[in-house]
Amino acid sequence: MIELQDVSKTYSIAKGRSVPAVQGVTLQVERGEFLVITGRSGSGKTTLLNLVAGLARPTSGRVLLDGVEIWKLPDAEQSRLRNEKIGFVFQFPSLMPSLTALENVLLPTLFAAAKSDTKAQAGARERAVQLMDEVGLSDKLDAYPRQLSAGQQQRVVIARSLINRPELLLADEPTSDLDEQTEQEIMATFQAIHARTGVTVLLVTHSTQLIVFGTRALRMQGGQIVAADG
Amino acid sequence: MGLIRLARRNLAGSSFRSWVVFFCAALMAGFVIGGTLVIRGADSSLRLALERLGADILVIPAGNEARIESALLMGVPAHFWMPASVADQIAAVPGVVAASPQLYLATLRGATCCSLPEMFLIAYDPATDFTLRPWLEQNLEGELRLMEAVGGNHVYIPSGQDNILIYGSAVDLVGTLEQTGAGLDQSMFLTFETANRIARLSYTLAVKPLEIPPDSISSVLVKVAPDADVHQVAQQIAAAIPGVAPMEATNLFKEQRLQLLGLLRSIVVLLGITWLLAMALIALVFSMAVNERRREIGVMRALGATRLAVLQSLLWEAVLLALAGGVVGIAIASLATFLFRDLIVGLMGVPFLLPSLSGVLALGLAGLALVLASVVVAALFPTLRISLQDPAVSMRE
């Protein structure tokens, strides 16, 4: 499903200097896999995830999603692909502060390429409510992000990532700010979603303890994949 | 939920930015509408006052030029006299096709014999008049009869009375002229015969008599032949009749027009400065706002928002604030211009005529469009910059 061919990403910083974040990575992820990539901070995990999602343009190499090179697509097609095929769970708080939990879950449907009619909107709302129920927050539909704990916010983000029934779920350090118990709950949620829907999951984390939740694990160091983990 | 609703919710979440942009939009709209209402209104007023005069040349006793302008524009009564024979002398000047004398009178202040105090009264000669006649023929089907008058737009019959008391004599108000915004709106027009009768009766009916010196007139309105040069005719009048000042209609209110031009320049400069500062402030505020929300915008892109959708969402915020601020600014400026009209006229020394409601609405819509365009332009650069960034760059700290 995902194919990276000798992909590198270098960030330019001040005074003409540049920092390589990902160097010559070649990787294949099959449909239905739950791949956990571990590595220390600055090892290039997040950049790798951004490259896969088409959020960062590779300096060299090719990124293919279902055989399509993302960066060769026009902006509208890239956006449609992200909207329809990919669900995101970020490391940082990524809910819109001015929207309620339910509205946040519905947000990706706002950007759907085909403008949804009233019936489709009602369907989306029904699904959003169901997803909120699945992540255990059916009583927080109208709560604003500031009224939710970090763990609850992350559950809302997971619900949002699933609203458009994605084929690929990308999670960037989804438990980094959470206590151990909540971390276990969130990871169990990912595992359950993977088992139930068969969605391909690519999760990056600094914690090697989380590799047990995946079907495969890799380790990154210095912008390169250095070993199969676990 | 659509992009507009998303924009509205975002605005509610950032009140400081919203208030700054709202205030700037209100200021811009208020300034442009207030300034335009006053300047255009004053210009209309001067033009209508000249049209109402209806003559090519106004001849008055020399040295009274400022007083007649003040009387015509501000309604301040003027008294000056010259021999009635001047009218015949003017009529004999080559190029003059009509010369009609007028008397300038005024009602008394604080006297029970005059129901409207210090009102400018203009008596005309129906035999030679050419300025009021067309209006009378069209609206009253004939001449004013004895003890009848027509009034400017602001002349009214006092409540509880059937007519207007002038020096103790009852005068019927039989018609009202269209509004000019100038002093003529507070003036009354009557015939020589009516004026002389009021003057005669005033010795017994009024607390103070109305004195009209015998064989005297205040001014002569002159109509020039279409093929004659108005300036040359005015010069000929000045040369032929000593002691008079022929004022060409095109030169009337020259000082007021210059004053208006100066005011217009000041308003344009102030408006320009205000506009630039407001635009810079809006651009700065939007730049700060999108920088603060970089991560949020990156997330929107990651969730499938196109660059255009991000741009639209941010610009909708600018549009909503511009509309709200613009409407409030226009409403306040229009109301203030209406409520403080007398104060503004006093400060400017030039009257102004407020346009009709539809005129104000049209002006308001034009002002709103201008403010809308300005706010969108000011917000465009920072929003365009952020919408063109790669989402990963936007999301980085």
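Matching residues to (1) assigned to a loop (DSSP other than H, G, I, E, B); (2) buried (at least 18 other Cβ atoms within 10 Å of the Cβ); (3) out of contact with any Cys (no Cβ under 7 Å at 6 or more places or on another chain); (4) among the polar types (S, T, N, Q):
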{"site": "B:VAL86", "(1), (2), (3), (4)": "no, yes, yes, no"}
{"site": "B:GLY110", "(1), (2), (3), (4)": "yes, no, yes, no"}
{"site": "B:PRO117", "(1), (2), (3), (4)": "yes, no, yes, no"}
{"site": "B:GLU137", "(1), (2), (3), (4)": "no, no, yes, no"}
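Quick one: A:SER98 ticks every box in (1) within 12 Å of chain B (Cβ to nearest Cβ); (2) surrounded by 21 or more Cβ atoms within 10 Å (Cβ to Cβ) bar one, so which box is it?
Of (1) within 12 Å of chain B (Cβ to nearest Cβ); (2) surrounded by 21 or more Cβ atoms within 10 Å (Cβ to Cβ), only one is false for A:SER98: (2).
Which number in (1) in a helix (DSSP H, G or I); (2) more than 9 Å from chain B (Cβ to nearest Cβ); (3) free of Cβ contacts under 8 Å to residues at least 60 places away in the same chain; (4) not hydroxyl-bearing (Ser, Thr, Tyr) marks the one condition that A:ILE158 misses?
All conditions are met except number (3).
Can you name the condition, by its number, that B:CYS114 falls short on among (1) within 19 Å of B:PRO242 (Cβ to Cβ); (2) touching a Ser or Thr at 6+ places or on another chain (Cβ under 9 Å); (3) not aromatic (Phe, Trp, Tyr)?
With respect to (1) within 19 Å of B:PRO242 (Cβ to Cβ); (2) touching a Ser or Thr at 6+ places or on another chain (Cβ under 9 Å); (3) not aromatic (Phe, Trp, Tyr), B:CYS114 is out only on (1).
For residues that are buried (at least 23 other Cβ atoms within 10 Å of the Cβ) and among the β-branched types (Val, Ile, Thr), tally how many sit in the stretch B:173-190.
Final tally of qualifying residues: 1.
Are there helices (runs of 4 or more DSSP H) fully within the stretch B:291-378 with at least 2 residues that are out of contact with any helix residue (DSSP H, G or I) (no Cβ under 9 Å at 6 or more places or on another chain)? List them.
B:307-339, B:341-348
Yes or no, residue by residue, for (1) within 14 Å of chain B (Cβ to nearest Cβ); (2) of a type in the set (S, T, N, Q); (3) more than 23 Å from A:ALA192 (Cα to Cα):
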{"site": "A:LYS9", "(1), (2), (3)": "yes, no, yes"}
{"site": "A:ARG17", "(1), (2), (3)": "no, no, yes"}
{"site": "A:PRO20", "(1), (2), (3)": "no, no, yes"}
{"site": "A:ARG31", "(1), (2), (3)": "no, no, no"}
{"site": "A:LEU51", "(1), (2), (3)": "yes, no, yes"}
{"site": "A:LEU55", "(1), (2), (3)": "yes, no, yes"}
{"site": "A:GLY61", "(1), (2), (3)": "no, no, yes"}
{"site": "A:LEU81", "(1), (2), (3)": "yes, no, yes"}
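What residue, of B:LEU146, B:LEU210, is out of contact with any strand residue (DSSP E or B) (no Cβ under 7 Å at 6 or more places or on another chain) and either surrounded by 15 or more Cβ atoms within 10 Å (Cβ to Cβ) or outside any strand (DSSP E or B) (or both)?
B:LEU146
Determine which member of the set B:GLY41, B:GLY34 is touching a residue at least 40 places away in the same chain (Cβ under 8 Å), buried (at least 20 other Cβ atoms within 10 Å of the Cβ) and either under 15 Å from B:ALA331 (Cα atoms) or within 14 Å of chain A (Cβ to nearest Cβ) (or both).
B:GLY34
Please identify the pairs in which a residue from the stretch B:1-20 that is facing chain A (nearest Cβ under 9 Å) and of a type in the set (A, V, I, L, M, F, W, C) has its Cβ atom under 6 Å from the Cβ atom of a residue that is in a helix (DSSP H, G or I) and surrounded by 14 or more Cβ atoms within 10 Å (Cβ to Cβ), counting only partners at least 6 apart or on another chain.
If the second residue must be in a helix (DSSP H, G or I) and surrounded by 14 or more Cβ atoms within 10 Å (Cβ to Cβ), the pairs left are B:MET1/A:LEU110; B:LEU3/B:GLN312; B:LEU3/B:SER313; B:LEU3/B:TRP316; B:LEU6/B:SER313; B:LEU11/B:SER18; B:LEU11/B:GLU317.
Kindly list, by first and then second residue, each pair from a residue in the stretch B:305-326 that is away from chain A (no Cβ under 14 Å) to a residue that is basic (Lys, Arg), limited to pairs with Cβ atoms under 9 Å and residues at least 6 apart or on different chains.
Listed pairs, sorted by first residue: B:LEU321/B:ARG17.
Counting just the residues of the stretch A:202-229 that are free of Cβ contacts under 8 Å to residues at least 40 places away in the same chain and more than 14 Å from A:SER43 (Cβ to Cβ), which one comes out surrounded by the fewest Cβ atoms within 10 Å (Cβ to Cβ)?
The qualifying residue surrounded by the fewest Cβ atoms within 10 Å (Cβ to Cβ) is A:ALA228.
Restricting attention to the stretch A:172-185, does a residue exist that is surrounded by fewer than 22 Cβ atoms within 10 Å (Cβ to Cβ), within 14 Å of chain B (Cβ to nearest Cβ) and hydrophobic (A, V, I, L, M, F, W, C)?
Within the stretch A:172-185 (the criterion being surrounded by fewer than 22 Cβ atoms within 10 Å (Cβ to Cβ), within 14 Å of chain B (Cβ to nearest Cβ) and hydrophobic (A, V, I, L, M, F, W, C)), the answer is no, since none of the residues qualifies.
Select from the stretch B:357-395 the residues that are exposed (fewer than 15 other Cβ atoms within 10 Å of the Cβ) and either within 14 Å of chain A (Cβ to nearest Cβ) or among the acidic types (Asp, Glu) (or both) and list them in ascending order.
Hit for the stretch B:357-395 is B:LEU388, nothing else.
Yes/no matrix, rows are residues, columns are (1) at pLDDT 85 or above; (2) touching a Lys or Arg at 6+ places or on another chain (Cβ under 9 Å); (3) of a type in the set (Gly, Ala, Ser):
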residue: B:MET28; (1), (2), (3): yes, no, no
residue: B:PHE31; (1), (2), (3): yes, no, no
residue: B:LEU48; (1), (2), (3): no, no, no
residue: B:ALA91; (1), (2), (3): yes, no, yes
residue: B:LEU105; (1), (2), (3): yes, no, no
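May I ask you to say which residue of B:VAL310, B:VAL345, B:VAL285 is among the β-branched types (Val, Ile, Thr) and modelled with pLDDT under 85?
B:VAL345
Can you name the residue in the stretch B:56-82 that is part of a loop (DSSP other than H, G, I, E, B) and modelled with pLDDT of 90 or more and, of all such residues, is nearest to the chain's Cα centre (by Cα)?
Top of the filtered list is B:ASP56.
Being of a type outside the set (A, V, I, L, M, F, W, C), at pLDDT 90 or above and over 30 Å from B:SER387 (Cα atoms) is the requirement here; does B:SER356 meet it?
In short, no.
The values are calculated or read from the model by the stated rules, or taken from the named source; none is laboratory data. Since we're looking at a predicted model, the values are computed, not measured. Cβ sites come from the backbone with ideal geometry, for glycine too, and all protein chains shown count toward neighbours.
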